[in-house]
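The values are calculated or read from the model by the stated rules, or taken from the named source; none is laboratory data. Computed from a predicted structure; not experimentally measured. Heads up, the Cβs are rebuilt from the backbone with ideal geometry, glycines too, and the neighbour counts pull from every protein chain shown.
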Amino acid sequence: MKKTNRILTILIFAFLYLPMLVLVVASFNTGKNLTIFEGFTLDQYKALFQDKDLLALLGNSLLISILSTAIATAFGTFSAVGIHSMKPRLRKTVMSLTNIPMTNPDIVTGISLSLLFVFIGSALLHQKESLNFWTLLIAHITFNLPYVILNVMPKLKQMNPALQDAAMDLGCTPVQSFFKVTLHEIMPGIVSGAIMAFTMSLDDFVISYFVSGNGFLTLPVEIYSYTKKPMQPRVYAMFTLLFLLIFVLMVAMNLLQIRSDRKKLIKQVKPVSSRQKTFRRVCAIACAIAILLGCGWLILSTRQNKVTLNVMNWGQNIADGSDGTLDIIAAFEEKYPDIDVNYTTYDSNESLYAKLAGGGLTVDLIIPSDYMIARLKQENMLLPLNFDNIPNYKYVQEAFKNTAYDPENKYSVPYTWGTVGIIYNAKFVDEADVTGWELLWNEKYKGKILQFDNSRDAFGVAQFLSGISINTTDAEELRQSANKLAEQNPLVRQYVMDQIYSIMEGENAWIAPYYAGDCMMMMDANPDLRFYLPEEQGFNLFIDAMCIPTCSENKDAAEKFINFLCEPEISGANMDYICYGSPIEGARDYMDEYLAESDVIYPDQSILDKGVSYLFLPAETNRLMDNLFMEIRIAGQQPEEEEEASALPVVLTLSGLAAAAALLFLPKRKHK
Amino acid sequence: MKKNKSILLSGPYILWMLLFTLIPLGVMGYYALTDPDTGAFTLNNLRDLGLFLPTLGTSVWYSIVSAIICLGLGYPVAYFIAHRSPVTQKILYMLIMLPMCMSFLLRTLAWVGLLETNGIINVLLGKLGMGTVEIIGTSGAVILGMVYNYLPYMILPLYAIIVKIDNRLIEAAEDLGCNGTQVFCRVILPLSMPGILSGITMVFVPAVSTFYISQKLGGAETMLIGDVIEKQFKTSNNPNMGAALSLLLMLMVLVCTGIMNRFGGEDEEGGVVV
């Protein structure tokens with residue numbers, strides 16, 4: 001029994017530490033892939049310390065967790081004293097209030113808070129940026145408070161009330177007796193509460209994910225969006241350093257505790273002399289001031305005199321300086337030193353729309369696709385551009401002017417254009433099977449097929465295959481397309497957007513529909529990948545264009561950025577990285593020759609003529625498409641025709657509520 | 001007099017908690033009962049919840065399975081740790097805590113690297129000539145991810161309870177003629193019940209609401225209720241449906257923890273022992 005326990009414990013520790021070992025090893029890897037160790041290097045650490053964004057995010061996380069812990073600890077301690085002096089019944093009610101954030105799933109806490117902030121901010125105060133630093137701080141304080149209270153309360157209970165009375169008999173005021181006696185007695189509870197609050201706050205992802213806007217992000221939230229894209233190995237380096245830091249801190253804390261335990265065992269602690277006391281106080285005050293100054297400096301350094309330009313773009317959709325390309329944002333910031341670009345990404349038109357429509361953000365520049373521009377325009381979510389600030393508009397090719405989505409050229413300046421085709425791995429896929437979109441429905445490749453994780457593109461694929469117009473608004477035709485997708489569901493390994501890179505490059509799936517430029521990037525990484533455009537059945541031809549949403553606060557800066565990106569040389573350099581076609585006259589000349597000549601990026605005009613653009617669809621159609629897509633995702637069965645309206649869930653929900661209330665209140669009665 | 005005054009200290013707290021926990025739940029309820037496009041009152045969102053009941057069922061099922069596995073694996077470990085010397089206990093306790101402080105996003109991502117078709121495990125198996133295993137994308141991988149992430153949440157409360165069990169009780173049971181199994185079933189297990197219950201709660205609640213683990217380790221057929229909620233907010237732009245689903249999730253968790261607490265009896269602060 002004992003032996004099996006020992007072996008099991010060792011195995012469990014191995015299980016817990018294996019993934020972390022993988023990450024630590026990856027931080028020394030020359031390659032980007034987690035699975036293949038190509039060689040030893042320290043470059044990732046160098047890259048980490050040069051990556052200002054990543055360090056700033058770490059700073060943000062520390063700032064939020066230190067501030068929220070400090071506030072929650074002070075606030076929570078006083079509140080615990082107050083709660084402690086309540087009558088049992090009232091105390092119980094307040095404690096069940098305290099338990100709400102503890103027992104609720106994080107996702108519910110996060111969502112309810114974000115709905116509250118958006119509701120108050122947008123609907124009541126008409127504020128543009130209702131999700132910001134302060135809402136994040138409030139959320140963190142809210143979930144930190146219970147940890148402090150739940151740790152302090154037991155200590156208060158254990159404390160001998162006579163102690164406080166004695167202090168007051170000796171002439172202390174209640175306040176003095178609190179600071180001289182009570183505080184000392186409950187200190188261990190306060191410390192453990194604060195430590196717990198700090199770790200929870202530093203590592204919180206779910207609540208922060210829902211509550212933060214794009215202006216102030218914490219490290220875990222941004223790591224989430226990193227994990228959707230091809231991972232930057234420097235993140236592993238950061239993980240390794242944090243791991244070491246926490247390890248050292250924990251060991252140090254344990255050693256100190258063991259030492260002080262021993263001291264206590266050997267002899268009573270010596271009374272502290274008043275000089276030592278003053279020394280300690282000075283130290284404590286100095287620490288507090290240092291922390292506050294540090295935080296203040298961090299806040300100030302993030303809010304310099306610079307204008308912040310909030311750019312939101314697709315993942316992997318701007319040259320970032322890697323692999324010898326031009327770092328576009330750095331070049332722009334160099335040209336305009338008073339503008340600071342805050343760059344965040346989204347992974348589909350729909351998620352961009354949800355971010356904008358959800359409210360609470362300040363975004364100055366977005367790069368959606370054609371149909372989304374039409375929708376945003378229709379819903380009055382775009383600002384007309386001032387073309388006096390965009391003289392480089394003259395370089396835009398005529399073919400990209402007067403488009404269906406922006407016929408008067410008022411709201412948008414094209415950024416890229418491209419096609420949607422199929423990427424497949426020639427090592428595993430028989431060329432004879434590559435005949436059209438039906439490849440994605442081929443039973444032979446079950447479990448090796450990927451599909452778009454956004455309704456419009458996924459429906460588009462099904463519609464090209466079934467010969468239905470991709471711009472249909474007919475509910476029946478949409479259901480047919482949904483049936484087609486449901487048919488495909490059992491074959492699909494995963495519904496992906498930016499995650500496609502690692503899956504296709506690592507040969508974990510073999511076939512996927514995706515955007516040509518991204519396919520080109522994957523083909524660069526894995527030479528077995530091929531791109532195929534089903535010309536005969538038709539394919540989507542799209543334009544991504546730069547627009548300024550109504551929630552923008554720096555229109556001028558955004559227009560400067562647009563103008564900058566329209567310079568042929570810059571556009572060409574950008575396309576070298578993102579591998580799309582440039583709508584800018586002359587940009588092609590600045591591109592690498594093999595890219596400029598590639599027929600994936602620049603197909604023949606005769607082929608392009610067969611491409612179809614997505615057009616604006618009415619809101620009900622979008623909603624129907626979203627719902628049908630969700631049904632496919634959750635059920636994997638054929639969506640039913642016209643569901644009977646059933647009262648069952650309503651009844652279930654209400655009875656659930658009643659059961660919950662009964663369960664919560666019955667034990668109470670039992671107590672009395 | 002004194003008591004009355006210190007009660008006032010909790011005033012701001014009560015106000016804060018009302019404002020930032022109860023009222024947000026109310027706002028969530030408001031969203032659940034309104035139409036996403038028109039903002040008018042509707043029961044449609046609640047009606048449509050029926051569509052998602054199978055998904056909720058899957059989530060509950062996965063989390064119960066992983067909570068049971070966590071208990072099975074965690075109990076012996078907690079028992080083992082609790083019977084070491086105090087210094088070893090401290091070290092092992094710290095080693096259990098440590099992973100909890102590291103980014104769970106990256107740690108889960110590492111599992112993707114391990115389990116992938118061409119991942120580390122399969123490469124190693126291939127080198128040993130043992131073929132490959134296809135785990136990623138299955139429910140097994142999702143449950144593995146849950147067990148991996150939430151196992152410490154099971155071990156820590158169990159350890160906290162087991163370490164407090166008075167050895168004299170065990171000796172007494174032995175003196176009275178119990179054999180090893182009987183001692184365990186009649187003394188140790190009942191005494192560690194509060195730890196078991198809070199461990200199960202602490203595994204179940206985050207597991208049932210996760211969306212990251214199923215996104216990374218799951219496949220096309222392992223969509224969980226957390227994924228659906230996240231999608232309603234972050235891509236479908238249907239916060240109203242999302243709010244209704246969150247409400248359903250919250251009620252389900254309330255009912256589950258309520259049932260558990262009734263089994264576990266009183267213990268006011270028993271919910272969180274870390």
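So here's what we get for this one:
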item: Of the criteria (1) at pLDDT below 90; (2) in contact with a Phe, Trp or Tyr (Cβ under 8 Å, 6 or more places away or on another chain); (3) in a helix (DSSP H, G or I), which one A:Glu507 fails; result: (3)
item: Evaluation of A:Ala596 against (1) crowded, with 18+ Cβ neighbours inside 10 Å; (2) under 26 Å from A:Tyr353 (Cα atoms); (3) not basic (Lys, Arg) (one fails), failing number; result: (2)
item: Test: residue in the stretch A:371-387 that is at pLDDT 90 or above and under 19 Å from the mean Cα position of the chain (by Cα); result: no
item: Residue among A:Val152, A:Val108 that alone is touching a Gly at 6+ places or on another chain (Cβ under 9 Å), within 26 Å of A:Leu67 (Cβ to Cβ) and in the same structural domain as A:Gly82 (by TED's automatic domain parsing); result: A:Val152
item: Residues satisfying the stated conditions in the stretch A:10-58, i.e. part of a helix (DSSP H, G or I), among the small types (Gly, Ala, Ser) and at pLDDT 90 or above; result: A:Ala14, A:Ala26
item: Flag for B:Asn118 being facing chain A (nearest Cβ under 9 Å) and modelled with pLDDT under 90; result: yes
item: Total residues in the stretch A:106-123, condition within 7 Å of chain B (Cβ to nearest Cβ), touching a residue at least 12 places away in the same chain (Cβ under 8 Å) and not β-branched (Val, Ile, Thr); result: 2
item: Any hit, the stretch B:43-63, residues being within 7 Å of chain A (Cβ to nearest Cβ), closer than 26 Å to B:Val253 by Cβ, surrounded by 15 or more Cβ atoms within 10 Å (Cβ to Cβ) and of a type in the set (D, E, K, R); result: yes
item: Only listed residue being hydrophobic (A, V, I, L, M, F, W, C), modelled with pLDDT of 90 or more and either more than 30 Å from B:Gly242 (Cβ to Cβ) or touching a strand residue (DSSP E or B) at 6+ places or on another chain (Cβ under 6 Å) (or both), chosen from B:Ala78, B:Ala67; result: B:Ala78
item: When residues of the stretch A:6-41 are limited to those that are among the aliphatic types (A, V, I, L, M), over 25 Å from A:Leu245 (Cβ atoms) and surrounded by 13 or more Cβ atoms within 10 Å (Cβ to Cβ), the one farthest from the other protein chains (Cβ to nearest Cβ); result: A:Ile36
item: Scan of the stretch B:64-93 for residues that are at the interface with chain A (Cβ under 9 Å from one of its Cβ atoms) and surrounded by 15 or more Cβ atoms within 10 Å (Cβ to Cβ), ordered by number; result: B:Leu73, B:Gly74, B:Pro76, B:Val77, B:Tyr79, B:Phe80, B:Ile81, B:Lys90, B:Ile91, B:Leu92, B:Tyr93
item: Residue match in the stretch A:490-499 (condition: closer than 30 Å to A:Ala596 by Cα, assigned by TED's automatic domain parsing to the domain that holds A:Met575 and touching a helix residue (DSSP H, G or I) at 6+ places or on another chain (Cβ under 6 Å)); result: yes
item: Residue within the stretch A:463-470 that is surrounded by fewer than 22 Cβ atoms within 10 Å (Cβ to Cβ) and not in a loop (DSSP other than H, G, I, E, B) present; result: yes
item: Filter result (of a type in the set (Gly, Ala, Ser) and either under 13 Å from the mean Cα position of the chain (by Cα) or within 27 Å of A:Lys52 (Cα to Cα) (or both)) within the stretch A:341-358; result: A:Ser348, A:Ser351
item: Looking only at the stretch A:70-90, and only at residues there that are surrounded by 19 or more Cβ atoms within 10 Å (Cβ to Cβ) and more than 9 Å from every other protein chain (Cβ to nearest Cβ), the one that is farthest from A:Ser201 (Cα to Cα); result: A:Thr77
item: Selection count where residues are assigned to a loop (DSSP other than H, G, I, E, B) and surrounded by fewer than 21 Cβ atoms within 10 Å (Cβ to Cβ), scope the stretch A:433-453; result: 6
item: Residues being buried (at least 24 other Cβ atoms within 10 Å of the Cβ) and part of a loop (DSSP other than H, G, I, E, B) - total across the stretch A:352-366; result: 3
item: Qualifying residue in the stretch B:124-142 (condition: surrounded by fewer than 15 Cβ atoms within 10 Å (Cβ to Cβ), within 7 Å of chain A (Cβ to nearest Cβ) and either over 25 Å from the mean Cα position of the chain (by Cα) or not in a helix (DSSP H, G or I) (or both)); result: no
item: Neighbours by Cβ (under 8 Å, 6+ apart or cross-chain): first from the stretch B:160-185, within 27 Å of B:Lys90 (Cβ to Cβ); second part of a loop (DSSP other than H, G, I, E, B) and polar (S, T, N, Q); result: B:Ile161/B:Ser192; B:Ile162/B:Ser192; B:Ile165/B:Ser192
item: Qualifying position, being surrounded by fewer than 20 Cβ atoms within 10 Å (Cβ to Cβ) and either outside the structural domain of A:Leu62 (by TED's automatic domain parsing) or farther than 19 Å from A:Ser65 by Cα (or both), among A:Thr98, A:Thr182, A:Thr93; result: A:Thr93
item: Looking only at the stretch A:325-340, and only at residues there that are over 19 Å from A:Leu383 (Cβ atoms) and in a strand (DSSP E or B), the one that is farthest from the chain's Cα centre (by Cα); result: A:Asp327
item: Residues within the stretch A:588-602 that are free of Cβ contacts under 8 Å to residues at least 24 places away in the same chain and outside any loop (DSSP other than H, G, I, E, B), tallied; result: 6
item: Filter result (acidic (Asp, Glu) and more than 7 Å from chain A (Cβ to nearest Cβ)) within the stretch B:198-252; result: B:Asp227, B:Glu230
